[in-house]
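This report refers to the structure that appears directly beneath it.
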Amino acid sequence: MNLRIDLERLISEIEALAAFSDAEPPAVTRIVFTPTDLEARAWMKARCEDAGLAVRQDAIGNTFARWVGSDRAAPVVGTGSHIDAIPNAGKYDGVVGVLGGLEAIRALQRAGFRPRHSIELLIFTSEEPTRFGIGCLGSRMLAGMLSAEAAQKLQDNQGASLNDVRRQAGLAGELEQVKLPSGYYKAFVELHIEQGPLLEREQKALGVVERIAAPASLRVLVEGSGGHAGGVLMPDRRDALCAAAELILVIEQAARTSGATDTVATVGICDVFPGAVNSIPAQVRLSVDVRDTSLQRRDGVMRALAEACRETSARRQLAIHTEVLNADAPADCEPAVVAALARACHTQGFSFLPMTSRAYHDTLFIARVAQAAMLFIPCRNGYSHRPDEYASPEDIGRGTLVLAETLATLAA
Ligand SMILES: [Zn+2]
């Protein structure tokens, strides 16, 4: 089979999709179900229909574009990613897997390939947690890891319910029907930028992901007592920021001493109230993000935090509330799909690195219901979630070619 990627068209489509943005170029902001996101979705749908694919949407807006195989009853071979983007992000996160997936299908069509299993491009809804506070909304629901009932309770930061927002976006149907029927997929492969520096550092063309780390995120609210920075003497203080500072260091220490470099923990938000130079902090909100390839170690950090919250609140006499937003298990990629990717790299003559994905992706959830794996391409300096995120056309072309080859193997 003579597979050829139309790189010029693919790159121009990546540029065209980047223009659907609520930020000035080169930054991309595309929050789920905003007018800009809906325009981008309509544009994507038209591209898929141009390629002769049959497009459908489920009740949460996951979009499926199918190239019907000769055996219509056979389970589907899936590929895809997301097109939503956090505020002030770049052009490539998610998009490479969606437009690259579409181009892989077109390359197979041009090469005269006839799939036995249908090949389906999937554009997941809201991989990013920006609007509803929970990442991988679409894939969680597809995998049955987020119930319709729990999804119905979600609200955005303006207090609009997910149900209202999706209905306004024209999505009818019941959320109960989003979960995929068992045996839907034969296999699933997600192409994505690495979002880390290893491929570039090791000078490997591609990364074949064998494992996806387990993410957890929490909110911590420390409630102390405010007062005048001059008037309240030290023995009488219940300073919320000082308590929060202790917790932050406990989290860092727990991750550093877990026994493995795979453990990472981050406090990325620290909101101090009232936040005045001459006022004792009365209230602090922290966001905590913990990840590991081992669930035991990841949960060990969370236990250390819980223990520190109890101890600190007793000793400092203030209230500390924690809320776990998500605590997901890690996923092992399917060895057969990993092997198909490795073989395709070999066939196309590209070096690859077996890797762990430390960022999480929709495949973390799809892996619960399908044989799944991921293919990474390098991104410059490992930068992602920022406007200067960049993947070279050559790397995008290589990833798309290996994806096409792998889809052919899986769908034959
Ligand atoms: Zn992504």
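FYI, it's all coordinate maths here, none of it is from the lab. Given the structure is predicted, the values throughout are model-derived calculations rather than measurements. Note: ideal-geometry Cβ built from the backbone for every residue, glycine included; neighbour counts use all protein chains shown.
A few remarks follow.
- Of the residues GLU200, GLU190, the single one that is part of a strand (DSSP E or B) and of a type outside the set (A, V, I, L, M) is GLU190.
- Verdict on SER118 being touching a residue at least 24 places away in the same chain (Cβ under 8 Å) and away from the ligand (no atom under 16 Å from the Cβ): yes
- Pick from region 64-84, criterion in contact with a Gly (Cβ under 8 Å, 6 or more places away or on another chain) and farther than 20 Å from LEU375 by Cα, ranking: surrounded by the fewest Cβ atoms within 10 Å (Cβ to Cβ): PRO75
- Counted residues, region 279-318 - those being over 24 Å from THR261 (Cβ atoms), surrounded by 15 or more Cβ atoms within 10 Å (Cβ to Cβ) and either in contact with a helix residue (DSSP H, G or I) (Cβ under 7 Å, 6 or more places away or on another chain) or free of Cβ contacts under 8 Å to residues at least 12 places away in the same chain (or both): 8
- Lone qualifier among ALA187, ALA148 - being away from the ligand (no atom under 16 Å from the Cβ), over 30 Å from MET355 (Cβ atoms), touching a residue at least 24 places away in the same chain (Cβ under 8 Å) and of a type in the set (A, V, I, L, M, F, W, C): ALA148
- No other residue among ALA276, ALA260 is in a loop (DSSP other than H, G, I, E, B), more than 16 Å from LEU221 (Cα to Cα), without any contact (Cβ under 8 Å) to a residue 12 or more places away in the chain and of a type in the set (A, V, I, L, M, F, W, C) apart from ALA276.
Every residue, every condition in (1) within 13 Å of the ligand (Cβ to nearest atom); (2) under 24 Å from ALA216 (Cα atoms); (3) not in a loop (DSSP other than H, G, I, E, B), yes or no:
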{"residue": "VAL77", "(1), (2), (3)": "no, no, yes"}
{"residue": "LEU122", "(1), (2), (3)": "no, no, yes"}
{"residue": "GLY133", "(1), (2), (3)": "no, yes, no"}
{"residue": "SER139", "(1), (2), (3)": "yes, yes, yes"}
{"residue": "ASP164", "(1), (2), (3)": "no, no, yes"}
{"residue": "SER182", "(1), (2), (3)": "no, no, no"}
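- Test: residue in region 218-238 that is crowded, with 17+ Cβ neighbours inside 10 Å, hydrophobic (A, V, I, L, M, F, W, C), over 30 Å from PHE124 (Cβ atoms) and away from the ligand (no atom under 16 Å from the Cβ): yes
- Residue in region 357-379 that is nearest to the chain's Cα centre (by Cα), counting only those that are surrounded by fewer than 24 Cβ atoms within 10 Å (Cβ to Cβ) and within 16 Å of the ligand (Cβ to nearest atom): TYR360
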